[in-house]
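A quick write-up on the structure given underneath.
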Amino acid sequence: NNEKSVPQLLIRDLKFEKKSLAKLMFSPDQENHPSKAPVKYGELIVLGYNGSLPNGDRGRRKSRFALFKRPKANGVKPSTVHIACTPQAAKAISNKDQHSISYTLSRAQTVVVEYTHDSNTDMFQIGRSTESPIDFVVTDTVPGSQSNSDTQSVQSTISRFACRIICERNPPFTARIYAAGFDSSKNIFLGEKAAKWKTSDGQMDGLTTNGVLVMHPRNGFTEDSKPGVWREISVCGNVFSLRETRSAQQRGKMVENETNQLQDGSLIDLCGATLLWRTAEGLSRTPTLKHLEALRQEINAARPQCPVGFNTLAFPSMKRKDVVDEKQPWVYLNCGHVHGYHNWGNKEERDGKDRECPMCRSVGPYVPLWLGCEAGFYVDAGPPTHAFSPCGHVCSEKTTAYWSQIPLPHGTHTFHAACPFCAHQLAGEQGYIRLIFQGPLD
């Protein structure tokens with residue numbers, strides 16, 4: 001078992017056919033007729049799902065949601081402000097055709113802000129509710145819930161009408177995010193306990209119970225990206241530093257020089273699920289599923305072998321992303337040596353308890369490797385050379401390096417890095433490992 005005598009290869013040593021892969025780097029939109037395609041503002045991708053929800057994507061409940069220009073504008077903008085219990089305020093609230101936001105200051109006083117139609121914008125609403133005003137239904141993400149048996153038993157912390165995104169209908173199609181969404185009566189109610197205040201120009205503003213947090217990465221969503229700072233977005237789209245805890249009554253400080261404008265790679269946290277915003281332009285530079293499939297076939301064509309059993313290993317097809325295949329590569333997470341599955345010693349060891357690598361004797365978890373299939377999470381189109389620890393999801397080196405630096409909100413006041421494909425908290429020094437494959441002996 002002298003390690004030096006065994007031919008090893010890192011995936012980056014494989015001669016990837018650059019030209020053939022370049023052809024596959026189109027975005028799916030470019031493959032269809034670009035002239036007829038409707039304008040796409042961008043896509044929201046829920047972190048923790050590797051390409052689709054465990055039970056399959058259905059209707060408005062799916063792992064990614066594309067925002068297209070609507071046939072007719074449905075955006076709204078603030079107009080008249082009514083103070084206290086005036087008949088006009090009551091009328092604005094009860095009028096089913098009138099959007100309004102009600103700020104309850106006390107039992108005796110409510111401020112109602114009427115909203116009027118805006119022909120220049122489209123509005124998209126996100127939340128837990130399945131009522132018709134919600135365009136994209138989002139439920140709490142359970143880390144690693146890749147199978148149908150993972151049912152929702154926890155009480156949700158995601159708001160029923162969590163947030164809304166307003167997109168300009170004309171270039172450059174700017175998208176802005178606001179906390180809270182309008183309900184079936186076209187109202188947003190901020191109760192007595194919600195944090196709310198009067199702004200310097202006499203308008204009202206407030207925060208929702210668990211808040212809507214946003215983080216814009218520095219240097220966009222590219223291989224040079226670095227994490228930005230988490231901020232809270234108010235009902236009117238103003239930017240604040242975080243509260244002491246998620247639902248504290250006291251708002252953070254207003255951040256004057258930052259805006260609620262989404263950029264490629266912005267993260268939106270709804271307290272229970274985190275969404276990645278990708279612009280249409282950003283997605284056009286992102287690897288497609290065809291590209292990831294070509295990379296998978298390139299690895300398998302190199303016929304990596306198990307250094308113990310000498311059997312050829314192969315990554316299963318993208319569709320089989322939950323069932324461990326007999327040719328599936330497994331990795332020792334402490335050293336990165338890739339093997340086929342072997343059952344040393346006790347049968348219980350299969351549960352990912354510590355095992356000793358036969359190549360280098362380092363002891364650590366031993367897990368199956370899975371390809372990351374959600375292309376929107378990749379910051380580049382590099383080959384799949386690295387795996388997240390402890391889940392074993394495989395993607396490019398720069399993608400693992402980027403996500404391992406991102407502190408994602410967890411619960412009401414903690415943050416930790418997690419695998420974007422399954423939402424498992426990352427472990428180990430870096431949170432990821434370089435994979436060492438063994439080439440065929442012939």
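The values are calculated or read from the model by the stated rules, or taken from the named source; none is laboratory data. Just so it is clear, the structure is predicted and the values come from calculations on it, not from any experiment. Positions of Cβ are backbone-derived with ideal geometry, glycine not excepted, and every protein chain shown enters the neighbour counts. Accessible surface is based on the protein model in full, side chains and every heavy atom, while ligands, DNA and RNA are left aside. Shrake-Rupley method; radii C 1.70, N 1.55, O 1.52, S 1.80 Å.
Take the Cα of Val255, step 7 Å toward its Cβ, do the same at Val308, and the gap between the two points is 4.8 nm. Dividing the summed -39500 (n - 2.57) terms of all DSSP H runs of n ≥ 4 by the residue count of the chain sets its mean residue ellipticity at 222 nm at -2500 deg cm²/dmol. Ranking Thr412, Val76, Phe315 by Cα position along the charge dipole of the chain, where only Lys, Arg, Asp and Glu carry charges on their C-beta atoms, puts Val76 farthest toward the positive end. Using the Karplus relation 6.51 cos²θ - 1.76 cosθ + 1.60 with θ = phi - 60°, the per-residue 3J(HN,Hα) values for segment 67-77 come to 9, 10, 4, 7, x, 9, 4, 10, x, 9, 9 Hz, with x marking Gly and Pro. Ligands, DNA and RNA left out, the accessible area of segment 289-434 computed with a 1.4 Å probe is 50% carbon and sulfur. Close amide H partners of Gly48, meaning residues 5 or more places away or on another chain with modelled amide H under 5 Å apart, are Phe421, Cys422, Ala423.
Amide H contacts for Ala427 (H built 1.01 Å from N in the peptide plane; partners 5 or more residues away or on another chain; cut-off under 5 Å): Ser389.
For Glu114, Glu256, Glu429, Glu374, the ranking by accessible surface with the largest value first comes to Glu429, Glu256, Glu114, Glu374, using a 1.4 Å probe. Between the amide H of Ile436 and those of His337, Val338, distances stay under 5 Å, these residues lying 5 or more places away or on another chain, with hydrogens modeled in the peptide plane. With 0.36 nm allotted per residue and the present C-alpha distance subtracted, the Lys77-Thr414 stretch has 117.9 nm of extension available.
For Asp57, Asp325, the ranking by accessible surface with the largest value first comes to Asp57, Asp325, using a 1.4 Å probe. Going through (1) 47, 23, 18; (2) 45, 24, 23; (3) 38, 24, 20, the figure that equals semi-axes √(5λ) of the Cα gyration tensor in Å as computed for the structure here is (1). Oblate is the label for segment 289-434, because a/c, from the alpha-carbon gyration tensor with a ≥ b ≥ c as root eigenvalues, is 1.5 or above and a/b does not exceed b/c. Rolling a 1.4 Å probe across all protein chains gives Lys290 an accessible area of roughly 110 Å². In the context of the full set of protein chains, residues of the chain present 47 Å² of accessible surface per residue (probe radius 1.4 Å, heavy atoms only).
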